1. With respect to residue 195, determine if the residue is open to solvent by 10 Å² or more (accessible area, probe 1.4 Å) and either farther than 30 Å from residue 108 by Cβ or under 14 Å from the mean Cα position of the chain (by Cα) (or both).
2. Can we say residue 251 is among the aromatic types (Phe, Trp, Tyr) and not in a helix (DSSP H, G or I)?
3. Failed condition for residue 272, given (1) more than 19 Å from the chain's Cα centre (by Cα); (2) in contact (Cβ under 8 Å) with a residue 60 or more places away in the chain; (3) assigned to a helix (DSSP H, G or I), with all others met?
4. Condition check: assigned to a helix (DSSP H, G or I) and either at pLDDT 95 or above or of a type outside the set (Phe, Trp, Tyr) (or both). Does residue 237 satisfy that?
5. Filter the stretch 246-270 down to residues that are of a type in the set (Phe, Trp, Tyr) and surrounded by fewer than 15 Cβ atoms within 10 Å (Cβ to Cβ) and give me whichever is farthest from residue 201 (Cα to Cα).
6. Within the stretch 81-117, count every residue that is assigned to a helix (DSSP H, G or I), open to solvent by less than 50 Å² (accessible area, probe 1.4 Å) and under 23 Å from residue 71 (Cβ atoms).
7. Right, residue 150: within 28 Å of residue 270 (Cβ to Cβ) and open to solvent by less than 10 Å² (accessible area, probe 1.4 Å) or not?
8. Could you run through the stretch 118-147 and say how many residues are surrounded by 16 or more Cβ atoms within 10 Å (Cβ to Cβ) and aromatic (Phe, Trp, Tyr)?
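The values are calculated or read from the model by the stated rules, or taken from the named source; none is laboratory data. Everything numeric here is computed off the predicted structure, so don't read it as measured data. A quick note on method: Cβ atoms are made from the backbone with ideal geometry, for glycine too, and the neighbour counts reach across all protein chains shown. Side chains are part of the model used for accessible areas, which takes the heavy atoms of the whole protein and leaves out ligands, DNA and RNA. Shrake-Rupley method; radii C 1.70, N 1.55, O 1.52, S 1.80 Å.
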Amino acid sequence: MSQPNQPNEDDDLQPMLNRFDEEFGRRRDPDEPEPAPVYGEARPVQQPQTYQLRLPLGQVRAVWVLLALNVAIFAIPSLLQLVGVRINGVPIYDYTLDLGAKDNQAIKIDGQYYRFLTAMFLHGSWLHIGFNAWALYALGPEAERIYGTLRFVALYLIAGLAGGTASYLFSAAPSVGASGAIFGLIGGLAAFYYVSRKLLGEASRRQLGSLITVVMINLFIGFSTPLIDNSAHIGGLIGGALLGWLLAPRFAVDERLFPPQVVRRELQYGWAGAGVFLGLLVMAVMTIKPPIR
């Protein structure tokens, strides 16, 4: 009577043995004599293992919302004005500007403090909205991935308010535009690359150099061109740099993990500092008398 076929255990173990051979070298047969040592033989130096470290970055969401709001708030009234829509006899886009621009007299005398916010989403021309929309598209995704959505929105809005406050305190002319908030993003990115210079090394220095060049070019254009609110630009830049330092993540390599990973840490009192800064802006608006035409 024939015996049933039994499973071959060597066949089951062979894949694992092959992996061992690849990892540790070929197995020596027990009857095979051990090779004699060769003195003075050069052995290959084992290279240390290297790992590709990745920053734990967030997703881009708020940038597209802000971009859509800026474009829509300009485009819709502008297109309605082209077809002759008026409110109380006033062209609709002019009416929108009258209701939302930063106007020192309306803010100080009539108490229309909402203008600090509405002015950030209004623009004076297609060239104005085009330039700011492009800048937000170019800078916003990087800033939101680094800061995360909530901190990015706080950076954008509070830096924009800082730009509006600087314009209110130092310029009597009405003004509109997202430029203060966008300069705030430049300041925030510069602050991040500064606090991350040890981790990012040369990449951080290159980014800082590029951002400084962008700032210098835009300030040169601003001071050499009439009707540009340089106070808002500088206020937004300084506010963004300060908020960036408070809210920027402090990435660090955690070598307790295998393989090592980059972990995200935050400044302990970052949000509290941002709140104090916002309070100082409010105090400045309430206590300092602005220039009025």
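1. In short, yes.
2. yes
3. Condition (2) is where residue 272 drops out.
4. Yes.
5. 269
6. So the answer is 7.
7. Numbers: within 28 Å of residue 270 (Cβ to Cβ): yes; open to solvent by less than 10 Å² (accessible area, probe 1.4 Å): no.
Considered against the rule, which asks whether it is within 28 Å of residue 270 (Cβ to Cβ) and open to solvent by less than 10 Å² (accessible area, probe 1.4 Å), residue 150 comes out as no.
8. Here the count works out to 3.
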